[in-house]
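Here the structure comes first, spelled out in structure tokens, and everything after it is commentary.
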Amino acid sequence: MKKKWTATLASFTLLTGLLAACSGAGNGGTAAPESAGASAGPGQTEKTTVQFWHSLGGKNGEYFDALIQRFNASHDDIEVVGTYQGSYDETVTKLQQAIPAGTAPDVSMLERAYVQMFADSEVLEDLTPYLESSGMSQDDFVPGLMGHSVFNDQLVSLPLNRSTPILYVNKTMLDEAGLKVPTTWEELKEVANALVVKENGEIKRYGVTMPYDTWYPLAMITQAGGTFFNEDKTSIGFGDNGVGVKVFSFLKDLQSTGALYYPPSQDSGNITNQMFVDGKVGLLYQSTGSMGGLDASVKFDYVAAFLPKDQQYANPTGGANVAMLSSSKNKEAAWEFIRWVMQDEEGGQQFILDSGYLPFTNKMVESQAIQDLWAAEPNRKVAFEQLQYAVDTNLDTGWPEIMKEFFSAMEAILYDSKDIPSTLEEFRKEAERILAE
């Protein structure tokens, strides 16, 4: 699928480029509209309009709208128009349609696992010269968040609203039971089982839960010494070595005793969060991005901790990066917006303080505002410190399609109790088929 999509996108891009050449249009296949730069009245500076697509709704969407307003208020010659395009997947779908049609935005938010797919299709601008012209370098960014930024020797995206999974612990519940925060799988198993409460054969309290997501099995695969893909990206890296069987057997053992509550796929994040808030579970695997909401909701003492390790600590990163489309006709203005978000205290730093996402530049990390935040809310610092164990082993343009197959395997095992080795073997075959296309 990766090559089919790439070829299709390339052919559409070529076609619109040829049409543009015939009609005298510029980059992207569509002539710049007369209104691309807002008309200036007497005494006013003409503004360049930068279209920015994003996937932030709810409270985080409000925080990012405020960021855009601050940028516009501080720039007389540029106006950024932010447009919510739905979920990460919906934004990707709309970009796939807009790029060949010549209607893509100047700048877009891209969920980090999709960046490679667009980079492989050569539709993202190399940001290296822009970074250098602004006196910046890749060394200015937190290393654990740069795993989805450089492809084909080009810097095609920069971290923005980034997160990792983390373990939330009802410390009050553990203290009452005389238990310690688990740091290993074995400790996790002991604590989760000890927290289970049953009445008349019905489970009233579970030990641990996690949303329906590939994130957590991905973390556990690496913790157990495996990788999602093998080194040459021809197959998975957790099959023949027994890592996959170990991971899912561990989860099924927890599930069989009532120690693990695995939620339905729909609205799983809200379900698991509410169970934690209501004291119906003591341990929660969840995104660092949930910290602000939990802070406002829990009525007990809770702490954030590293994901428990097996052979090693490891956790995948998540969230989105920001990228400039190579078809943009307003690249200078688009870069000024990206640069401001990266460097200005009123840009990305304020958004991080507001939202709870991870600081993504070293300057932010060292800022007094972030240091004061961590002193007041030490859980936020734990989330950042866990980045030293960040891993991204699902890097491949075939990941989006393979992810769907992995979800199917997870459902078969965790919902339908299908045989683990044979289910993972079927998944391996599907993954190899997709990777070979």
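So the values come out like this:
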item: Residues satisfying the stated conditions in the range 44-66, i.e. charged (D, E, K, R) and not in a helix (DSSP H, G or I); result: Glu46, Lys47
item: Conditions (1) assigned to a helix (DSSP H, G or I); (2) touching a residue at least 40 places away in the same chain (Cβ under 8 Å); (3) within 17 Å of Tyr216 (Cα to Cα); number of the one not met by Pro421; result: (3)
item: Test: residue in the range 273-283 that is without any contact (Cβ under 8 Å) to a residue 40 or more places away in the chain, within 21 Å of the chain's Cα centre (by Cα) and in the same structural domain as Trp399 (by TED's automatic domain parsing); result: yes
item: Single condition Gly348 does not satisfy, out of (1) buried (at least 23 other Cβ atoms within 10 Å of the Cβ); (2) of a type outside the set (A, V, I, L, M, F, W, C); (3) out of contact with any strand residue (DSSP E or B) (no Cβ under 9 Å at 6 or more places or on another chain); result: (3)
item: Residue under evaluation Thr272, criteria (1) in contact with a helix residue (DSSP H, G or I) (Cβ under 9 Å, 6 or more places away or on another chain); (2) crowded, with 20+ Cβ neighbours inside 10 Å, criterion not met; result: (1)
item: Of all residues making up the range 64-90, the number that are under 12 Å from Gly347 (Cβ atoms) and among the aromatic types (Phe, Trp, Tyr); result: 2
item: Hits in the range 232-253 (condition: within 27 Å of the chain's Cα centre (by Cα) and closer than 28 Å to Val196 by Cβ); result: Val243, Gly244, Val245, Lys246, Val247, Phe248, Ser249, Phe250, Leu251, Lys252
item: Which listed residue, of Glu332, Glu377, is within 26 Å of Lys94 (Cα to Cα) and surrounded by fewer than 17 Cβ atoms within 10 Å (Cβ to Cβ); result: Glu332
item: The range 226-251: number of residues that are part of a helix (DSSP H, G or I) and touching a Leu at 6+ places or on another chain (Cβ under 8 Å); result: 4
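The values are calculated or read from the model by the stated rules, or taken from the named source; none is laboratory data. Everything numeric here is computed off the predicted structure, so don't read it as measured data. Every residue, glycine as well, gets a Cβ built from its backbone with ideal geometry; the counts of neighbours run over all protein chains shown.
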